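Novice: First, the structure itself, so that you have it in front of you.
Coordinate-derived values only; no laboratory data. What you see is a predicted model, and the numbers here were worked out from it, not measured in a lab. Heads up, the Cβs are rebuilt from the backbone with ideal geometry, glycines too, and the neighbour counts pull from every protein chain shown.
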Amino acid sequence: MAFIEIKNVFKTYAEIAGISTLALNGVTLNIEKGDFAAIAGPSGSGKTTLLNIIGALDKPTTGQIYYEGADITNISINRLADFRLHQIGFVFQAYNLINVLTALENVEYIMLLQNRPCEERTRRATELLARVGLADFMHRRPSQMSGGQQQRVAVARAIAARPKVVLADEPTANLDSKTAGELLDLMKELNKEKGVTFLFSTHDKMVMDKADKIFHVKDGSIIN
Ligand SMILES: Nc1ncnc2c1ncn2[C@@H]1O[C@H](COP(=O)(O)OP(=O)(O)OP(=O)(O)O)[C@@H](O)[C@H]1O
Ligand SMILES: [Mg+2]
């Protein structure tokens, strides 16, 4: 049994001005525990659509998504929110940290949603921020940090929730290539050290080269 199994997923977006879009055209792929995998492909190929479906932020038109053998395709909206909170970490292209909270509070907040004890929230957030090189930046708000620093907070936050998988949609898109390389190296270290499974999308060759496994997407299909 695969850790995460995507089986024959099609996604058609509803008509806009008379035209519907077939964004995913029968995608089948497996993610194994401990993978450091990339979804690579040009703009419009379906990467975000696929990550949103794997992350239970959106539903396929047809096809199934299994986590450790359990089909999540048809579970209710309420249970999906709970599933996401406990099983999936997200890192988006534009950080999406909470602007009024400090780095420390951003990382603590996800554990607050999970009802973790206060002492554990602070201890784990402090430890993870130090691990991503932000020991001296814990009390800064996002607007007081660089893009690369904000993205490291987003990675710490995604891991804090102890998810089964961290999904990252073009996590380096807003970073210069040196900072992008450093962020990928950090993610890879966390993958090796803590066994966190990562799946990220990219159209940057340098980022692709850091992946252990690559799924090439073209026009909504995997072409490897
Ligand atoms: N909400 C939506 N409604 C209608 N069509 C959409 C929607 N979101 C995406 N699409 C279309 O689906 C296709 C796949 O889009 P998607 O965003 O998944 O591509 P992508 O590979 O992430 O592209 P990029 O690299 O530019 O982020 C595109 O043709 C896009 O126009
Ligand atoms: Mg995208």
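Novice: Which value, in Å³ per residue, describes the convex hull spanned by the Cα atoms of segment 1-132?
Specialist: In segment 1-132, the Cα hull volume divided by residue count equals 159 Å³.
Novice: Let me ask another. Which whole-number percent gives the relative contact order of the chain, counting Cα pairs below 8 Å spaced six or more residues apart?
Specialist: 30 percent
Novice: So, one more: Please report the net charge: other residues with Cβ closer than 9 Å to the Cβ of residue 134, K and R +1, D and E -1.
Specialist: +2
Novice: Given contacts defined as C-alpha pairs under 8 Å and at least six residues apart, what's the relative contact order of segment 100-195, whole-number percent?
Specialist: For segment 100-195, the relative contact order is 32 percent.
Novice: Could you give the dipole magnitude of the chain about its Cα centre, charging the beta-carbon of Lys and Arg +1 and that of Asp and Glu -1, in debye to the nearest 20?
Specialist: In debye, rounded to 20, the chain gives about 220.
Novice: Of 4, 23, 154, which is farthest on the positive side of the dipole of the chain, counting Cα position, with +1 on Lys and Arg Cβ, -1 on Asp and Glu Cβ, and the Cα centre as origin?
Specialist: 154
Novice: Could you pull out every residue, at least 5 positions away or on a different chain, whose amide H is within less than 5 Å of the one on residue 218? Hs are placed 1.01 Å off N in the peptide plane, and Pro or chain starts have none.
Specialist: 223
Novice: What list of ³J(HN,Hα) values in whole Hz, one per residue of segment 164-171 in order, does the Karplus curve 6.51 cos²θ - 1.76 cosθ + 1.60 (θ = phi - 60°) give from phi, with Gly and Pro shown as x?
Specialist: Once θ is set to phi - 60°, the couplings for segment 164-171 become 5, 8, 9, 9, 10, 8, 6, x Hz.
Novice: On to the next question. Determine ³J(HN,Hα), in whole Hz, for all residues of segment 13-24 in sequence, where each value follows from phi through the Karplus function 6.51 cos²θ - 1.76 cosθ + 1.60 and θ = phi - 60°; x replaces Gly and Pro.
Specialist: With the stated coefficients, segment 13-24 comes to 7, 4, 4, 10, 6, x, 10, 9, 10, 8, 8, 10 Hz.
Novice: For the chain, just the Cα set please: Rg and Dmax, both in angstrom.
Specialist: 17.4, 55
Novice: Follow-up question, since we're still on this one. Using per-residue counts of other Cβ atoms within 10 Å, averaged over each peptide, order 26-39, 76-89 from highest down.
Specialist: By packing density, highest mean first, the sequence is 26-39, 76-89.
Novice: Counting other beta carbons within 10 Å of each Cβ, put 1, 206, 145, 187 in order, fewest first.
Specialist: Placing the least packed residue first, the sequence is 1, 206, 145, 187.
Novice: Distance check, please: which entries in 59/192; 7/192; 11/192 exceed 29 angstrom between their Cα atoms?
Specialist: From 59/192; 7/192; 11/192, over 29 Å: 59/192; 11/192.
Novice: Determine the sum of side-chain charges near residue 104: Lys and Arg each +1, Asp and Glu each -1, restricted to other residues whose C-beta is under 10 angstrom from that of residue 104.
Specialist: 0
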